[in-house]
Amino acid sequence: MIKVEIGKNEQEQRLDKFLRKYLEKAPLRFIYKTIRKDVKVNGKRAKENTILHLGDEVTLYVSDADLAAFRRERKPGGTKRQFSIAYEDELIVAAVKPFGLLTHGDGSEKKNHLANQVVDYLIEKGDYQPRLERSFTPAPVNRLDRNTTGLVLFGKSGPALQALNQMIRERDKIRKFYLTIVSGRMTEPLHLKDKMTKDAASNRVTVVSQTEAGREMETIAKPICFGRYGGRDYTLAEVEILTGRTHQIRAHLAKAGYPIIGDAKYGMPQVNAAVKHAFGITNQLLHAYRLCFGDVTGTLSTLCNLTVTAELPADFARIKAKIFEQDE
């Protein structure tokens, strides 16, 4: 029998969500079987959707062997830091993800990704102490593709992470802006509203009309300046996403006729060949450069009306200067 008192980093979450993190390596069937037969909250049986509050006592009737098998002890120092920091306070970190780094782990890379690097950084600082935590781990609330650079937000405490996740769901609380270079001359702002479907096998999305089945996606793109290089037109554009779908900006702009240069999945092969020859790039130029917080109250009220920015990566800045700041 194991008794766990719910602290500030575990409060206000469902019982099943808490146990999935507390017994991180346990199969889902074990979690839900345990809830049905071997868990009590404040001495009473509880359902998986029971909300845990500060000071609640969760009792687990599991063996020491199961506990040892399904708990994971976090040790620092496992990853090399590759990110920089655009903003940090006692509750959040706005990390700047570099090119080529996953936000989360996947089947091909389970250790060296941004989430692990940020956790290691917070352990080294003393802001996060795994041995004192029952289930909480600092985590990102937004995600960037491997080859997209820029700002990723992390909550450093349970309440901060919950508040950030809620703000992400409310469109006016955190506005997310990107810079990109697209092929063609975008002469006026675009407000794109469509739906998307995803092919998991190819990890590719297809933009479909709003009358078809799919998940809604909404993107606003505004031209900043035009340039011509090597006989081709390019536009430096600012893009705001109002929904957060997989490959949203890349697929949406390509569908609108303005593919991002260097994008092997959604771009134009002839344009990609030209920019590879001219600039030596083989990846999309897409950078999450600005986050604007709105009218924030409660746990994260110090973020009210705050704007966080991230400088362009060196390659992006170099190509931007060649196309838009010099004569051909």
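A short reminder: the numbers here are calculations on the coordinates, not readings from a lab. Being a predicted model, the structure only gives us computed values, none of them experimental. Ideal geometry is used to build each Cβ from the backbone, glycine not excepted, and the neighbour counts take in all protein chains shown.
The value obtained for the chain, namely the Cα convex hull volume divided by the number of residues, is 156 Å³ per residue. When the chain is treated as a Gaussian network with alpha carbon springs shorter than 10 Å, the biggest mean-square fluctuation among I123, I92, I261 belongs to I123.
So what's the projected area for segment 2-70, the Cα convex hull averaged over all directions, in nm²?
For the Cα atoms of segment 2-70, the hull's average projected area reads 4.0 nm².
The percentage of C-alpha pairs in segment 129-263 whose separation is greater than 17 Å is 65%. Note on E238 and Y32: their simple-model spin labels are 4.7 nm apart, each label 7 Å out from Cα toward Cβ. Projecting label points 7 angstrom from Cα along Cα→Cβ for Q166 and I85 puts them 2.6 nm apart. Computed on segment 99-161, with alpha-carbon pairs under 8 angstrom and 6+ residues apart, the relative contact order is 34 percent.
Restricting to DSSP H runs of at least four residues, report the calculated mean residue ellipticity at 222 nm for the chain, -39500 (n - 2.57) per run over all residues, nearest 500 deg cm²/dmol. Spell out each step's value before the answer.
On the way: 8 runs with 79 residues, N = 328.
Result for the chain, helices only: -7000 deg cm²/dmol.
If R0 is taken as 30 Å, the Cβ-Cβ distance between N305 and E188 corresponds to a FRET efficiency of 0.55.
As I understand it, the value is the acute angle between the Cα axis of helix 269-279 and the longest principal axis of the Cα atoms of the chain; what does it come to in degrees, rounded to 10? Long axis of 269-279 versus the principal axis of the chain: about 80 degrees. The relative contact order of the chain, computed from alpha carbon pairs under 8 Å that lie at least 6 residues apart in sequence, is 14 percent. GNM on the chain, alpha-carbon springs under 10 angstrom: the most fluctuating residue among Q210, Q270, Q129 is Q270. Annotation: the residues R250, R45, sorted from fewest to most other C-beta atoms within 10 Å of their own C-beta, follow the order R45, R250. Cut-off 10 angstrom, C-alpha nodes, Gaussian network model of the chain. Which of L132, L15, L190 fluctuates the most? Maximum fluctuation in the GNM of the chain, among the listed residues, is at L132.
Kirkwood radius, segment 195-297, all distinct C-alpha pairs, inverse of mean reciprocal distance: 15.1 Å.
How do H191, H247, H287 rank when sorted from fewest to most other Cβ atoms within 10 Å of their own Cβ?
Values: H191 11, H247 21, H287 25.
Neighbour counts put them in this order, fewest first: H191, H247, H287.
When C225, C292 are arranged by Cβ crowding within 10 Å, least crowded first, meaning fewest neighbours, the order is C225, C292.
Listed by chain and number, the lysines placed with their C-alpha closer than 26 angstrom to that of K173 are K8, K17, K97, K156, K193, K195, K222; residues fewer than eight positions away on the same chain are left out.
Mind pulling up the Rg/Rh value for segment 19-107? Radius of gyration and Kirkwood radius, both on Cα. All intermediate terms of the calculation are to be shown ahead of the outcome.
Details: Rg = 18.1 Å, Rh = 16.5 Å.
Reported Rg/Rh, Kirkwood definition of Rh: 1.10.
Among bridges DSSP assigns within the chain, what percent are antiparallel (round to 5)? Taking every DSSP beta bridge with both residues in the chain, the antiparallel ones total about 95 percent.
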